[in-house]
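The values are calculated or read from the model by the stated rules, or taken from the named source; none is laboratory data. All values derive from a computational prediction rather than experimental measurement. Cβ: placed from backbone, ideal geometry, glycine included. Neighbour counts: every protein chain shown. In case anyone asks, the SASA skips ligands and DNA or RNA and just uses the protein heavy atoms, side chains included. Shrake-Rupley method; radii C 1.70, N 1.55, O 1.52, S 1.80 Å.
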Amino acid sequence: QVQLVESGGGLVQAGGSLRLSCVISGPIFSANIMAWYRQAPGKQREMVASATRGGHINYNGDVQGRFTISRDNAKNTVYLQMDRLAPEDTDVYYCHAPKLLLSPNRDLDAWGQGTLVTVSS
């Protein structure tokens, strides 16, 4: 069974840093896009950053310049380095791999379980 397993959330003071990790566990054929989303209670889930296997990267304007997404394709892992964190970054962060190829003919819209990031003022 393929799962996305996140780690690295926690409590940090404003101005601090955290690094989130997400590893795809289980056999896959290919993961083109891997992304991080976040969601606060009562709000819609929003994209934070995404990265393709080939290195094309997109950021939410609110995190541009503060967060850095990176991938280790050999390890099927995506990271989110979060610097200069602010209280408004407090959310549950989710790893997402849309159209994760389990085989050449089978794909999966995969989400992690979420990891809580809390930034205190």
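Conditions tested, residue by residue: (1) touching a Pro at 6+ places or on another chain (Cβ under 8 Å); (2) crowded, with 16+ Cβ neighbours inside 10 Å; (3) farther than 17 Å from residue 1 by Cα; (4) aromatic (Phe, Trp, Tyr).
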site: 57; (1), (2), (3), (4): no, no, yes, no
site: 77; (1), (2), (3), (4): no, yes, no, no
site: 93; (1), (2), (3), (4): no, yes, yes, yes
site: 97; (1), (2), (3), (4): no, yes, no, no
site: 109; (1), (2), (3), (4): yes, no, no, no
site: 113; (1), (2), (3), (4): no, no, no, no
Can you run down the residue pairs with Cβ atoms below 8 Å, 6 or more apart or on separate chains, where the first is in region 2-19 and on the phi > 0 side of the Ramachandran plot and the partner is open to solvent by 60 Å² or more (accessible area, probe 1.4 Å) and not in a strand (DSSP E or B)?
-> 15/84
Subset of region 5-23 (residues that are over 25 Å from residue 75 (Cβ atoms) and small (Gly, Ala, Ser)) = 14, 15, 16
Does region 67-107 hold any residues that are of a type in the set (D, E, K, R) and not in a strand (DSSP E or B), and which are they?
-> 75, 83, 84, 88, 89
Counting only residues that are in a strand (DSSP E or B) and over 17 Å from residue 85 (Cα atoms), which one in region 8-45 is modelled with the lowest pLDDT?
-> 30
Please go through region 39-93 and pick out each residue that is in contact (Cβ under 8 Å) with a residue 60 or more places away in the chain and of a type in the set (Gly, Ala, Ser).
-> 86
Among (1) touching a residue at least 60 places away in the same chain (Cβ under 8 Å); (2) under 10 Å from the mean Cα position of the chain (by Cα), which single condition is residue 117 missing?
-> (2)
Going through (1) under 30 Å from residue 105 (Cβ atoms); (2) touching a strand residue (DSSP E or B) at 6+ places or on another chain (Cβ under 6 Å); (3) open to solvent by 30 Å² or more (accessible area, probe 1.4 Å) one by one, residue 6 fails only at (3)
Taking region 46-66 and keeping residues assigned to a strand (DSSP E or B) and not small (Gly, Ala, Ser) leaves 46, 47, 48, 52, 57, 58, 59
